[in-house]
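Student: Pasting a structure below so you can have a look.
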Amino acid sequence: MSKNFLLAAALGVLSLTQNVAAYAEPATPSNNSVMLPAAQSPEIEAVKAKLSQTLGFNVASIKPSKMAGVVEVLTDQGLFYASADGNFLLHGKMYGIGDNVSNLTEESLAQVRVEGMAKFSDAMIVYPAENEKHVVTVFTDITCGYCRKMHEQIDDYNDKGITVRYLAYPRAGVKDRSGGYSQGFKDLRSIWCHEDAQTALTKAKSGSTVAARICDMPIEEEFDFGRQVGVTGTPAIMLENGMMVPGYQDPSKLFMLLETSQQGG
């Protein structure tokens, strides 16, 4: 068998996995030949401590994955996989191969996103559609060009029945090099603390100066949530089922995507 044939076969498999729908039916899990420790067991706590001390991770949860002998580790830096003893760590996407090929990593992250959206539902800036058909939740920043472009069309999204809910995501991070709060964080906090946050956000995205305000709003927690579920840039759009669409989508394209997602269950 030639090397060229093997290379072509490998590329074919890679192409297949890259084009698989993220929310296909999950594959039937294989029998786990390695006994995994129960959640909150001393073994799990030891793995948490190891990852925290060695890598600086803040581990939110560890649970069995659908691959034998491998656990799923949700951290403040994203989703990882590890051996049951914590001696090996993997970062990437896990696919289940059965009757359908399913993106198991996205399925897990989708559930985390749904839970997070519920947690922060009272700390969002919302632009409701009068005839609501869909709801999207968007990580946004006022310094982001495509975030501004999206917001300029907020009436168009609303007219199509799309309610837009914003979560704060300061692209430069929460802290600056000196260890103080970044300007991006302070600007978003001021907007979220405004008595008319809708108007304040609209003005800020149009280039107006942000008047400083301080209150108890979970801006840092929203940013951390974004990092946990895979946000690498803004805008990042989450659908109600937890699917995440990176980047700007014009009103018509987003509406079609939402309709298709709804029809697909």
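The values are calculated or read from the model by the stated rules, or taken from the named source; none is laboratory data. Just so you know, these numbers come straight off a predicted model, no measurement behind them. Virtual Cβ from ideal backbone geometry, glycine too; neighbours counted across all protein chains shown. We work out accessible area using only protein heavy atoms, side chains counted, and drop any ligands, DNA or RNA first. Shrake-Rupley method; radii C 1.70, N 1.55, O 1.52, S 1.80 Å.
Student: Restricting to region 91-221, what percent of DSSP beta bridges are antiparallel, rounded to 5?
Tutor: Details: 7 of 14 bridges.
Roughly 50 percent of the DSSP beta bridges within region 91-221 come out antiparallel.
Student: In terms of Cα to Cα distance under 20 Å, which lysines are near enough to LYS66, apart from those fewer than 8 places away along the same chain?
Tutor: Those lysines meeting the cut-off are LYS48, LYS93.
Student: May I have the count of lysine pairs in region 116-265 with C-alpha atoms under 25 Å apart, counting pairs 8 or more residues apart or located on different chains?
Tutor: Eligible lysine pairs with Cα atoms under 25 Å apart amount to 20.
Student: Taking Cα pairs under 8 Å and at least six residues apart, what relative contact order does region 103-183 come out at, in percent? All intermediate terms of the calculation are to be shown ahead of the outcome.
Tutor: Details: 90 pairs, mean separation 27.4, N = 81.
This gives 34 percent for region 103-183.
Student: Roughly how compact is region 212-265, stated as its Cα Rg over 2.2 N^0.38 Å to two decimals?
Tutor: Values: Rg = 14.2 Å, N = 54, 2.2 N^0.38 = 10.0 Å.
Against the compact-globule rule of thumb, the ratio is 1.42.
Student: Sticking with this structure for a sec: So for region 36-164, averaging the separation of alpha carbon pairs under 8 Å that are six or more residues apart and normalising by length, what relative contact order in percent results?
Tutor: Working: 153 pairs, mean separation 18.6, N = 129.
After rounding, I find 14 percent.
Student: P(r) of region 73-181 in 5 Å steps, Cα pairs, percent per bin?
Tutor: Taking every Cα pair in region 73-181, the percentages come to 2, 9, 13, 15, 16, 15, 13, 9, 5, 2, 0.
Student: If you count only protein heavy atoms and use a 1.4 Å probe, how large is the accessible surface of MET150, to the nearest 10 Å²?
Tutor: So the heavy atoms of MET150 present about 0 Å² to solvent.
Student: Same structure again: What is the local net charge at GLN262, summed over the other residues whose Cβ is closer than 10 Å to its Cβ (Lys, Arg +1; Asp, Glu -1)?
Tutor: Values: positive: LYS133; negative: GLU240, GLU259.
With Lys, Arg at +1 and Asp, Glu at -1, the net is -1.
Student: Using only Cα atoms, locate the centre of region 67-101 and the centre of region 141-163, then give the distance between them in Å, rounded to an integer.
Tutor: 35
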